[in-house]
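K.L.:
One structure is given below, represented as structure tokens, and several questions about it will come after.
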Amino acid sequence: MADSRPYDLFRDWYEEACRSGLAMPNAMALSTVAADGSPSSRMVLLSSFDPGGFVFHTNYESRKGREISGCPLAALLFWWEALNRQVRIEGTVERTPPGESDAYFSRRPRGSRLGAWASDQSRPLASREELEARFGKVEELYAEGPIPRPRHWGGYRVVPHVFEFWEGREDRLHDRLRFHRTPEGWESVRLYP
């Protein structure tokens, strides 16, 4: 783990996870903080990443969206069990530009696009039948032609200021390498396991 550039190291590990046969190497835990300071975590899917950050998509009015609006900080955690590796990322969160969200939305499966319209994500739901009825109405509404992206749905980019790479080793002598962004660039330090 001598690479001093965290994005390159992440890319290498991510590509290896993709080649390993894992069902969802892009699954990551996203942690946010509520207005009262309580943390919450959930699994989301990484849509893309580059040196500008790590992108995922969701309903802006969901619990995570509301928490990000109140406190635009988040933590991400990737766990690739088959490789005995994890990557922790901490950073600020910003919305992606509408054009990027439109492009991603248009590539999603039709059912997922309809579901984005049908679901009031994180809000109380009286019954499964109510959700299915809403989906049916949206499906009827967009039976022909394109399905536009809802204004309440789009991307978020987590812009890292901390990376931690962890690789399991025998006798619990794990490798841990932490990168912290400074005005001059990335500084790294090895941590005790």
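K.L.:
Quick check, is residue 85 under 25 Å from residue 161 (Cβ atoms) and more than 16 Å from the chain's Cα centre (by Cα)?
P.N.:
Details: under 25 Å from residue 161 (Cβ atoms): yes; more than 16 Å from the chain's Cα centre (by Cα): yes.
Taking the combined requirement at face value, the residue satisfies it.
K.L.:
Pick out the one residue from 95, 123, 107, 149 that is modelled with pLDDT of 95 or more and surrounded by fewer than 13 Cβ atoms within 10 Å (Cβ to Cβ). Don't jump to the end; show me each part of the working.
P.N.:
Values: 95 fails: surrounded by fewer than 13 Cβ atoms within 10 Å (Cβ to Cβ); 123 fails: modelled with pLDDT of 95 or more; 149 fails: surrounded by fewer than 13 Cβ atoms within 10 Å (Cβ to Cβ).
Step by step, each of 95, 123, 107, 149 is checked, and only 107 is modelled with pLDDT of 95 or more and surrounded by fewer than 13 Cβ atoms within 10 Å (Cβ to Cβ).
K.L.:
While we're looking at this one, here's another question. Mind checking whether some residue in segment 136-147 is without any contact (Cβ under 8 Å) to a residue 12 or more places away in the chain and under 20 Å from the mean Cα position of the chain (by Cα)?
P.N.:
Within segment 136-147, none of the residues are without any contact (Cβ under 8 Å) to a residue 12 or more places away in the chain and under 20 Å from the mean Cα position of the chain (by Cα).
K.L.:
Shifting gears a bit: So is residue 5 over 15 Å from residue 81 (Cβ atoms), open to solvent by less than 70 Å² (accessible area, probe 1.4 Å) and among the charged types (D, E, K, R) or not?
P.N.:
So residue 5 fails the test.
K.L.:
Just wondering, is there one or more residues in segment 45-56 that are part of a helix (DSSP H, G or I), modelled with pLDDT under 95 and on the phi < 0 side of the Ramachandran plot? Walk me through how you get there before you give the answer.
P.N.:
Looking only at segment 45-56, we keep the residues that are part of a helix (DSSP H, G or I), and these are none.
Looking for residues that are part of a helix (DSSP H, G or I), modelled with pLDDT under 95 and on the phi < 0 side of the Ramachandran plot, one finds none in segment 45-56, hence no.
K.L.:
So if I check each of 156, 142, which one is in contact with a helix residue (DSSP H, G or I) (Cβ under 8 Å, 6 or more places away or on another chain), under 21 Å from residue 52 (Cβ atoms) and of a type in the set (Ser, Thr, Tyr)? Before you say what the answer is, go through the steps one by one.
P.N.:
Working: 142 fails: under 21 Å from residue 52 (Cβ atoms).
The unique qualifying residue is 156.
K.L.:
Could you please let me know if residue 27 is closer than 15 Å to residue 160 by Cα, open to solvent by less than 40 Å² (accessible area, probe 1.4 Å) and within 15 Å of the chain's Cα centre (by Cα)? Steps first, please.
P.N.:
On the way: closer than 15 Å to residue 160 by Cα: no; open to solvent by less than 40 Å² (accessible area, probe 1.4 Å): yes; within 15 Å of the chain's Cα centre (by Cα): yes.
So residue 27 does not fit the description; no.
K.L.:
Then there is this: Can you work out which of the residues in segment 3-20 that are touching a helix residue (DSSP H, G or I) at 6+ places or on another chain (Cβ under 7 Å) and in contact (Cβ under 8 Å) with a residue 60 or more places away in the chain is farthest from residue 49 (Cα to Cα)? Can you show your working first?
P.N.:
Going through segment 3-20, the residues touching a helix residue (DSSP H, G or I) at 6+ places or on another chain (Cβ under 7 Å) turn out to be 3, 16-17, 20.
Okay, now just the ones that are also in contact (Cβ under 8 Å) with a residue 60 or more places away in the chain, so 16-17, 20.
Values: 16: 15, 17: 15, 20: 19 Å.
Here the answer is 20.
K.L.:
Give the residues of segment 56-78 that are surrounded by fewer than 21 Cβ atoms within 10 Å (Cβ to Cβ) and touching a Gly at 6+ places or on another chain (Cβ under 7 Å), sorted by residue number.
P.N.:
59, 60
K.L.:
Could you please give the count of residues in segment 32-55 that are in contact with a Pro (Cβ under 9 Å, 6 or more places away or on another chain) and open to solvent by less than 40 Å² (accessible area, probe 1.4 Å)? Talk me through it step by step, then tell me what you get.
P.N.:
Looking only at segment 32-55, we keep the residues that are in contact with a Pro (Cβ under 9 Å, 6 or more places away or on another chain), and these are 32-33, 46, 53-54.
Add one more test, that the residue is open to solvent by less than 40 Å² (accessible area, probe 1.4 Å), and what stays is 32, 46, 53-54.
The qualifying residues number 4.
K.L.:
Does segment 170-192 hold any residues that are in contact (Cβ under 8 Å) with a residue 12 or more places away in the chain and surrounded by 11 or more Cβ atoms within 10 Å (Cβ to Cβ), and which are they?
P.N.:
Taking segment 170-192 and keeping what is in contact (Cβ under 8 Å) with a residue 12 or more places away in the chain, we get 172-181, 186, 188-192.
Of everything in segment 170-192, those that are in contact (Cβ under 8 Å) with a residue 12 or more places away in the chain and surrounded by 11 or more Cβ atoms within 10 Å (Cβ to Cβ) turn out to be 174, 175, 176, 177, 178, 179, 180, 181, 186, 188, 191.
The values are calculated or read from the model by the stated rules, or taken from the named source; none is laboratory data. These numbers were taken from a predicted model, which means no experiment stands behind them. No Cβ is skipped: glycine too gets one built from the backbone with ideal geometry, and neighbour counts run over all protein chains shown. When the accessible area is computed, the model is the full protein with side chains, heavy atoms only, and any ligands, DNA or RNA have been set aside. Shrake-Rupley method; radii C 1.70, N 1.55, O 1.52, S 1.80 Å.
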